[in-house]
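Enquirer: The structure follows.
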Amino acid sequence: MHAVQPPHHPSLQIHRQETASPAAPATAPMDAGSPGPAESPEVVPEAPGPLDARYVIVSARFIHEVHPQYPRDAMEQGEQGTVIVLLTAGPQGPSDFRIWTSSGYPSLDIAALEAAKESTYSAPEVNGEPAIETYRAIYTFSLDT
């Protein structure tokens, strides 16, 4: 059994779109005796967090890819198929593993899911910044190999 890697895709570039702040409202000239405009409180920007690009699905970037064991019962029954596992990858590591496309056989799906959970992944970055992405891992079970 071997895992088929998805075709190479050019690297994805996500650019943060800066939004312009709305123009300040026009003010009427002030009389010399009227109080000045009210002081607005100082706004302290929040510390930037990782860019959330989890709705963009990219090929898993494995540090160590665990290949699933072909379940004996599936082999004996001639079960074959491809399982696509999605997982959320971020600076804190992978989470939220789920079957996106089933092979149609529960034992193959479980074996693929377990292999994905045992694998290690590189932390995603977009334009050099920490990010959260959805990784796709493809596992093909074939008796012809």
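Enquirer: Near LEU108, within a Cβ-to-Cβ distance under 14 Å, what is the net charge of the other residues, with Lys and Arg +1 and Asp and Glu -1?
Expert: Neighbourhood net charge equals -4.
Enquirer: Tally Lys/Arg at +1 and Asp/Glu at -1 over every other residue whose Cβ is under 11 Å from the Cβ of ARG61; what's the total?
Expert: That sum, taken over residues with Cβ under 11 Å, equals -2.
Enquirer: Modelling each spin label as a point 7 Å along the Cα-to-Cβ direction, I'd like the PHE97/HIS64 distance in nm, to one decimal.
Expert: With each label point 7 Å from Cα toward Cβ, the separation is 1.4 nm.
Enquirer: So between VAL56 and SER122, what do we pick up on full extension, going 0.36 nm a residue minus the alpha carbon distance?
Expert: 22.1 nm
Enquirer: When you count, for each residue, the other Cβ atoms within 10 Å and take the mean per peptide, how do 70-78, 111-119 rank with the highest first?
Expert: Per-residue mean Cβ counts within 10 Å order the peptides as 111-119, 70-78.
Enquirer: In whole Å, what are the Cα extents of region 55-141 along the three principal axes, biggest one first?
Expert: Sorted largest first, the three principal extents are 48, 22, 16 Å.
Read-outs: derived from the displayed coordinates by stated rules, not from any lab. What you see is a predicted model, and the numbers here were worked out from it, not measured in a lab. Cβ atoms come from the backbone with ideal geometry, glycine included; neighbour counts cover every protein chain shown.
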